[in-house]
Every structure is written in C-alpha cells, then in structure tokens.
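Enquirer: The following block contains the structure, expressed as structure tokens.
The values are calculated or read from the model by the stated rules, or taken from the named source; none is laboratory data. This structure is a prediction, so every number in the text was calculated from the model and none was measured. Cβ: placed from backbone, ideal geometry, glycine included. Neighbour counts: every protein chain shown.
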Amino acid sequence: MDAFFVSVERKDAPELQGVPMIVAHDGERSVVLSASYDVRKLGVHSAQPVSQARRMAPHARLVEPRQGRYHQISGQIMEIFREFTPLVEPVSVDEAFLDLSGALRRWGTPERVAQLIRERIQEQLGLPASVGLAANKFLAKMASGRAKPDGIFSIPPGRVREFLDPLPVGELFGVGAATATTLRPAGFSTAGDLAAADPAQVERLLGRGALKLAALARGMDDREIVLEREEKSLSAEHTYSVDVTDRETLERTVLWLSHRVAERARRAGRVGEVVALKIRWEDFTTLTRQRRLPRPSDAATEIDAAVRELMGALPRPLPPVRLIGVRLDGLAPHGAGLQLSLDQQVDARRDVEATMDQVNARFAGSLSPASLLQPGAGRRAQPTPPAQGSSGHQPGSSPGAQGSG
C-alpha cells in the first residue's frame, strides 16, 4: 500500500486530501510513522524524530495515528488479495506477498491481475496501491519499491540481471548502511560487482550470510509463500514524552497496553500463559520481569492484574520511567489451554472484551474501558495513546506479486 496510514486518514477525512501530512503522536520523543509523498521529498521518513521532521516540513499537518483503524482496513485488503489467490503471506499491516501462479489461468497475465487487484482496492476501499511483479520474493520486493506511488513495476525473468547489475549495492533490499560501507572499499559498488564476485572473498568480508547476499545479487531467492506465521509473543509499548514517576499514570498505561495485547491475541485466536512487564528508565537501562498466569488467557483484565503484581516489586520511590511495555508469551491456539475460571466474573469480563472487539471492528474504536476515559472527555472515550512505534531458486519459476507502503 502507498503511504498507508496517510491514505487511510485521507479516506476517512476527505478534507485532508492534498494536505501535507505526518502521521505521528505529538510529543518530544515521538517518531514518524508515515508521511505523505510530498513531505517525504523534503527528507521526512518513518522512524525519524517528529521534532526533526517538523523542522524539515513545518507546514505539514501532524495527524494522530489510529492503529485499530489501520488493522481493520488491513484485514479488508488481505481479503481482497484472497479473492485472487489463496496464497497470501501478510508481511505487515500494509504489505503482503502473493503467489499468482494459479490466478493466471482465470485472470490472464500477471500485469492484468495486478491491475485488477489495484482497481478492486480503489473501488472498495478508496485507497491507492502499488504492485511489484517478479519471480520471487526478493525481486518482487525490489519491484514494489519502483512501482510507488500508485503503480505497477515488473521484472521479467529475462531482464533480472539488466535490472539488478547497475543498482548501487546499498539499494539491494536487506543491505544496511554498515554492510554497504564494508563492501564498497573492497570494490563491490554495484549488485553486478557482488554477483560476479568470488563467494569466498565475499564471505571473508561479511562472514555468515555472505553466500545468501551473493545469491540475492544474482536475483536468486528460494523462499516460499508462508500462509501462517506463528507468533511467539504479542507485545505493546508506550514511550512517554516526559519521564513519568507517578504510579497511577503507569497503571493507566498498563491497562491500555493490556487491552491492546489482549485484543490482538483474540484476533489471532491465541492465548498466552506468561505475562511480562518491560520498564525503561531515564538512563535507558531496561528492566524486564515476568510471571506465569494461573491459566492461559487472552483477557485484558487478567493480563493487567499480572502486570500490576509485577509493578508492585518496582523500587520506591519510583525512578523516572521513559518507556513501559506489556508482553504475552507462551502462546497457544485458543481452546488448547483455555479453561473456565472458578471466578465467573473473570469469564464474564472476557466475554465483555470480546463483544467490545466486535463493536470496535464495525465502528472503528467506538468502545474503550471506562477507566481509561480522560477527565472531561464526555461520552466518547479518550484512552491513553497507543505506543509510538513501539516482526538457490532461479528467476523465472513462478510469478508473484508484492505490495507495500
């Protein structure tokens, strides 16, 4: 998807069309989650401190992110993908790999399928999308970058080396700045240089992973589409704009984070048996504590209660807290370890939370626990804000597509 968070905000608020935008929380320590393309041209990028982004684009409007809404729209996009092929691998909230091999018999060429997918997303959701077409995941990812914004870019099997060889080595997906800095002085300035290199020489430079990188430089990637990724844990974090020493504030944030983690667990059909608390102090040292639940759970009330017990062991007086997080570990399918509680109120509260999920999925975050209401907020919930940012195949074997934001 193209500038996904920005596109969703413009879809829901048409008055934002054409307005330079940065999606981020408003705080000294906040980071950019997304930015409109006109703002990106000024140097603004994701994960950049908002304070720096504002200096680069003082005219841009800062829009508060709505993670629940983005996940809701993401689910609808993935369903559109599955109308064309069952082989869909979600990579993130706005990005997926699709194997189009079986779809070609019904829909025609890969380019035709890509255009139909883009049209359906635009018709049903009013959002732009870009598609990269290639024979494997690595090349499709590279192609999707060239397709943006709102386009299609194809790398045919016979033109893989023509596309890759001239590319600066730092533009290869997965090559970071440090790796590129190591390669250039050794004479590897382009992907073509790397593809033609003696594998032993590259391995001496980079160690483990060198052979894989050399294969990617030749356009080779044998990874298959993974339909389901088994998450080992679910977590949510919040970074404060000003260090916090007030326990009541921390407890409110923990309750909000517990609801975020629990909602994600229920949506994934998972329960967890271990709850962890993460604290980062003002000097950036990090403390993690965990405890096992009496039974596997996906209920925010139980997660929150466990975290509060862990908080009880924190030092008094409390040192300034920069970040706090909640994590649910030991995940298993719902029903595999979920037992009825002897306390019927616990099960009743879990049922209420599940009902809230259904309402929020339909009405985009209309319900929130009453204890998270801000004073003077009226009837509409104003919860603690969510975390500020806080998971040798030869080219030409099968057509695939990849889209991202």
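Enquirer: Kindly indicate whether R291 is within 24 Å of the chain's Cα centre (by Cα) and farther than 30 Å from P49 by Cα.
Expert: no
Enquirer: Residues that are within 27 Å of D38 (Cβ to Cβ) and part of a helix (DSSP H, G or I): does segment 98-114 have at least one?
Expert: yes
Enquirer: Sticking with this structure for a sec: Quick one: how many residues across segment 292-324 are in contact with a Phe, Trp or Tyr (Cβ under 6 Å, 6 or more places away or on another chain) and assigned to a helix (DSSP H, G or I)?
Expert: Total meeting the criteria: 0.
Enquirer: Separate question: Could you tell me which numbered condition H71 fails, if it satisfies all but one of (1) over 25 Å from V226 (Cα atoms); (2) surrounded by 14 or more Cβ atoms within 10 Å (Cβ to Cβ)?
Expert: Of the numbered conditions (1) over 25 Å from V226 (Cα atoms); (2) surrounded by 14 or more Cβ atoms within 10 Å (Cβ to Cβ), the odd one out for H71 is (1).
Enquirer: Related question: Just to verify a result, which residue in segment 187-214, among those that are small (G, A, S) and outside any helix (DSSP H, G or I), is nearest to F138 (Cα to Cα)?
Expert: Checking each candidate, the answer is G209.
Enquirer: Any idea how many residues of segment 212-245 are under 18 Å from T285 (Cα atoms), modelled with pLDDT of 90 or more and in contact with a Lys or Arg (Cβ under 6 Å, 6 or more places away or on another chain)?
Expert: Matching residues across segment 212-245 total 1.
Enquirer: Would you confirm whether or not segment 16-25 contains a residue that is crowded, with 18+ Cβ neighbours inside 10 Å and closer than 30 Å to D99 by Cβ?
Expert: No: segment 16-25 contains no residue that is crowded, with 18+ Cβ neighbours inside 10 Å and closer than 30 Å to D99 by Cβ.
Enquirer: Return yes or no: is R161 more than 24 Å from the chain's Cα centre (by Cα), surrounded by 15 or more Cβ atoms within 10 Å (Cβ to Cβ) and closer than 30 Å to S297 by Cα?
Expert: When the stated conditions are applied, R161 does not pass them.
Enquirer: Continuing with the same structure: Going by what's in this entry, would R223 be described as assigned to a loop (DSSP other than H, G, I, E, B), farther than 17 Å from S297 by Cβ and among the charged types (D, E, K, R)?
Expert: Judged against the criteria, R223 is a match.
Enquirer: Same structure again: Please go through segment 30-75 and give me each residue that is in a strand (DSSP E or B) and either within 19 Å of P14 (Cα to Cα) or not hydrophobic (A, V, I, L, M, F, W, C) (or both), ordered by number.
Expert: S34, A35, P49, R61, L62, V63
Enquirer: Could you grab me the full set of residues in segment 255-291 that are at pLDDT below 90 and either hydrophobic (A, V, I, L, M, F, W, C) or surrounded by 24 or more Cβ atoms within 10 Å (Cβ to Cβ) (or both)?
Expert: Answer for segment 255-291, where residues must be at pLDDT below 90 and either hydrophobic (A, V, I, L, M, F, W, C) or surrounded by 24 or more Cβ atoms within 10 Å (Cβ to Cβ) (or both): A268, F284.
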